[in-house]
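Q: Okay, here's the structure, questions in a sec.
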Amino acid sequence: QVQLVESGGGFVQPGGSLRLSCVASGGIFSMNDMGWYGQAPGKQRELVATITSGGQTAYADPVKGRFTISRDNAKNTVYLQMNSLQPEDTAVYYCQSKSPAPYYITYWGQGTQVTVSS
């Protein structure tokens, strides 16, 4: 089955940047839709950004203009470039993979912690 491993989280000051990476294995990466979700302490997991197998992107309103999702199919990797980070961005960020129709099986990574604080 598909396995996802996130990396790139850390502790940064407000206004700083991070780039998260998610490496996939065990599937045909180029055919899967990918996404990033964030879960802040005491809150539900929420969609941050998605990118389809065709390269179409979508973002949650709070991160538009600051975050960019991209993928490199040759490396089986999806990225989340996070700029102008703010304390409200603090969360565990999870990578998601969704297999093609008709099954749409969803896989999750283990998560990577992002902490934004002065």
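Q: From 65, 27, which residue is open to solvent by less than 50 Å² (accessible area, probe 1.4 Å), of a type in the set (Gly, Ala, Ser) and not in a strand (DSSP E or B)?
A: Of the residues listed, the single one that is open to solvent by less than 50 Å² (accessible area, probe 1.4 Å), of a type in the set (Gly, Ala, Ser) and not in a strand (DSSP E or B) is 27.
Q: Counting just the residues of segment 34-62 that are of a type in the set (Phe, Trp, Tyr) and touching a residue at least 12 places away in the same chain (Cβ under 8 Å), which one comes out surrounded by the most Cβ atoms within 10 Å (Cβ to Cβ)?
A: The selected residue is 36.
Results for (1) aromatic (Phe, Trp, Tyr); (2) modelled with pLDDT under 95, shown as yes or no for each residue.
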site: 11; (1), (2): yes, no
site: 56; (1), (2): no, no
site: 68; (1), (2): no, no
site: 95; (1), (2): no, no
site: 101; (1), (2): no, yes
site: 109; (1), (2): no, no
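Q: May I pose another question? Take the residues in segment 30-62 that are touching a Pro at 6+ places or on another chain (Cβ under 8 Å) and part of a loop (DSSP other than H, G, I, E, B); name whichever of them is nearest to residue 93 (Cα to Cα).
A: 32
Q: Of all residues in segment 89-114, which are in contact with a helix residue (DSSP H, G or I) (Cβ under 9 Å, 6 or more places away or on another chain) and of a type outside the set (A, V, I, L, M)?
A: Selection gives 89, 97, 99, 100.
The values are calculated or read from the model by the stated rules, or taken from the named source; none is laboratory data. As the structure is a prediction and not an experimental result, all values here were calculated from the model. Note: ideal-geometry Cβ built from the backbone for every residue, glycine included; neighbour counts use all protein chains shown. Side chains included, ligands, DNA and RNA excluded: accessible areas come from the protein's heavy atoms. Shrake-Rupley method; radii C 1.70, N 1.55, O 1.52, S 1.80 Å.
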